[in-house]
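Take a look at the structure set out below.
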Amino acid sequence: MSGQDYLYINAIRKKKIERTPIWIMRQAGRYLPEYQAVRDKYDFITVCKTPELATEVTLQPIRRFGFDAAILFSDILVIPEALGQKLEFMENHGPKLSPQILNEKDVNRLSIEGLEEKLSYVADAVRLIRSGLDNRTPLIGFSGSPFTLATYMIEGKPTRNFKHIKTMMYKEPQRLIRLLQLLTEAVSRYLLMQINAGAQAIQIFDTWGGILPPHLYNQYSGRFMKQIVERLKISSVPITLFSKGGIELLWQLKDSNADMLGVDWMTDLADARQTVGGFAALQGNLDPTVLYGSKEIIKKEVENILQVFGRQSGHVFNLGHGILPDIPVDNVQFLVDTVREMSTKIHS
Ligand code: 1CP
């Protein structure tokens with residue numbers, strides 16, 4: 001199959017499709033017993049940095065479910081590490097970056113020099129995954145958005161109130177802007193490296209853009225993603241922006257030139273289609289916790305989503321955010337089967 005025959009890419013390009021493609025954010029991960037088995041032997045960072053292991057866990061959900069896209073196994077926080085912060089994953093406590101980026105000196109100490117060399121293990125993984133996929137499934141490369149990366153770099157760990165980044169934003173806005181400019185350069189170069197190594201699509205995760213008041217969203221997150229999209233347009237790979245934060249943010253991203261916009265589960269997909277469906281394809285947006293529910297309700301929720309686009313192209317089925325680690329694997333299989341069967345009927 002040649003690149004342009006991929007269902008996932010055809011749906012983004014709004015070409016005619018025989019059914020709706022499906023993949024799942026965080027599809028490689030702890031809900032899969034075969035992933036757990038790898039993690040029993042190796043810590044998370046080792047898996048990210050060893051191309052053979054990253055390839056194995058990337059391919060696991062493709063083998064099991066036949067998803068219509070694979071996503072590179074890595075983490076958004078490898079960029080802060082390449083810029084000079086120390087990265088640790090505390091078992092069950094999430095990531096930790098140190099020292100926190102707080103003052104002017106901390107920002108000045110970050111260095112983008114040799115970024116591609118430091119992250120060459122990611123390019124190696126991309127090449128190895130591509131050969132493992134054998135042109136049957138397209139590979140999505142990814143990065144965090146500059147703003148989302150900055151939240152982790154400044155807070156140092158997952159946070160509830162984003163106190164440190166917001167303090168910087170309201171007290172020393174120029175310092176935050178400088179950090180975001182550096183990250184824009186780093187993310188652009190990192191994603192171009194992934195594309196050159198063989199990534200066939202790109203997704204930028206703006207997981208925390210929605211904590212900004214809407215009138216500041218473009219200033220601190222949106223515009224930097226738009227700059228990255230412009231930089232990546234020298235290639236022809238489709239670019240998806242996933243921002244968690246509702247219709248208002250989608251509206252602000254409509255002029256981003258992104259090929260697809262991710263829709264979170266708190267947003268009504270029909271509203272999103274009406275508002276920005278003319279500007280970009282849409283991806284989403286099943287509430288991830290529906291997968292704790294009964295098969296009957298999973299089916300009903302899938303139907304609601306598929307009905308929004310009906311026979312039209314321009315939709316990629318996904319969850320409205322990442323899959324949770326204790327979702328029953330059975331329910332994922334049921335979801336995939338249901339989306340396939342139902343959307344094949346709708347499109348026939
Ligand atoms: O214990 C483990 O095995 C580690 C759990 C884990 C996994 C499987 C982490 C730690 N990262 C990942 C992989 C990962 N992270 C992928 C790869 C593949 C896939 O999707 O199948 C991707 C795309 C990410 C992206 C990521 N990492 C985001 C953005 C997407 C999102 O879900 O919002 C974020 C915010 C992170 C940071 C991160 N890394 C890991 C955790 C637990 C977190 C979240 C920390 C928090 O709660 O704020």
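The values are calculated or read from the model by the stated rules, or taken from the named source; none is laboratory data. Treat the numbers as computed from the prediction; the structure is a model and nothing was measured. Glycine gets a Cβ as well: all are built from the backbone with ideal geometry, and neighbour counts include every protein chain shown. Each accessible area value is taken on the protein alone, full model and side chains, heavy atoms only, with ligands, DNA and RNA left out. Shrake-Rupley method; radii C 1.70, N 1.55, O 1.52, S 1.80 Å.
So if I check each of L77, L87, L115, L139, which one is open to solvent by 10 Å² or more (accessible area, probe 1.4 Å), in contact (Cβ under 8 Å) with a residue 24 or more places away in the chain and either within 11 Å of the ligand (Cβ to nearest atom) or within 27 Å of Q227 (Cα to Cα) (or both)?
Values: L77 fails: open to solvent by 10 Å² or more (accessible area, probe 1.4 Å); L115 fails: open to solvent by 10 Å² or more (accessible area, probe 1.4 Å); L139 fails: open to solvent by 10 Å² or more (accessible area, probe 1.4 Å).
Going through L77, L87, L115, L139 in turn, the sole match is L87.
Results for (1) open to solvent by less than 20 Å² (accessible area, probe 1.4 Å); (2) among the charged types (D, E, K, R); (3) part of a loop (DSSP other than H, G, I, E, B), shown as yes or no for each residue.
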site: I24; (1), (2), (3): yes, no, yes
site: A28; (1), (2), (3): yes, no, yes
site: Y35; (1), (2), (3): yes, no, no
site: D40; (1), (2), (3): no, yes, no
site: T46; (1), (2), (3): no, no, no
site: L53; (1), (2), (3): no, no, no
site: T58; (1), (2), (3): yes, no, no
site: R63; (1), (2), (3): no, yes, no
site: F67; (1), (2), (3): yes, no, yes
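Taking the criterion of being closer than 30 Å to E341 by Cα and either of a type in the set (F, W, Y) or modelled with pLDDT under 95 (or both), the residues of region 37-81 that qualify are F65, F67, F73.
Figure legend. Inter-residue proximity from region 158-171: first residues assigned to a helix (DSSP H, G or I), second residues more than 13 Å from the ligand (Cβ to nearest atom) and open to solvent by 40 Å² or more (accessible area, probe 1.4 Å), beta-carbon distance below 7 Å, spacing 6+ or different chains. Indicated pairs: H164/Q100; H164/L102; M168/R175.
Filtering region 246-270 to residues that are open to solvent by less than 40 Å² (accessible area, probe 1.4 Å) and either among the charged types (D, E, K, R) or outside any helix (DSSP H, G or I) (or both) leaves G246, L253, S256, A258, D259, M260, L261, G262, V263, D264, T267.
Only one entry of G310, G314 meets the criterion of being open to solvent by less than 10 Å² (accessible area, probe 1.4 Å), within 20 Å of L7 (Cβ to Cβ) and of a type in the set (G, A, S), and that entry is G314.
Among the residues of region 160-196, those identified as within 30 Å of A70 (Cα to Cα) and over 18 Å from the mean Cα position of the chain (by Cα) are L180, Q181, L182, E185, N196.
For K295, the stated conditions do not hold, so it cannot be described as out of contact with any Phe, Trp or Tyr (no Cβ under 7 Å at 6 or more places or on another chain) and at pLDDT 95 or above. Counting the residues of region 71-120 that are out of contact with any Leu (no Cβ under 7 Å at 6 or more places or on another chain) and in a helix (DSSP H, G or I) gives 10.
Given the condition among the β-branched types (V, I, T) and either closer than 22 Å to I62 by Cβ or in contact with a Ser or Thr (Cβ under 6 Å, 6 or more places away or on another chain) (or both), answer yes or no: does some residue in region 310-320 qualify? Within region 310-320, one or more residues are among the β-branched types (V, I, T) and either closer than 22 Å to I62 by Cβ or in contact with a Ser or Thr (Cβ under 6 Å, 6 or more places away or on another chain) (or both).
Just one of the listed residues (Q181, Q203, Q194) is open to solvent by 10 Å² or more (accessible area, probe 1.4 Å), out of contact with any Cys (no Cβ under 9 Å at 6 or more places or on another chain) and of a type in the set (S, T, N, Q), and it is Q181.
In this entry, I202 passes the filter for residues that are within 16 Å of the ligand (Cβ to nearest atom) and on the phi < 0 side of the Ramachandran plot.
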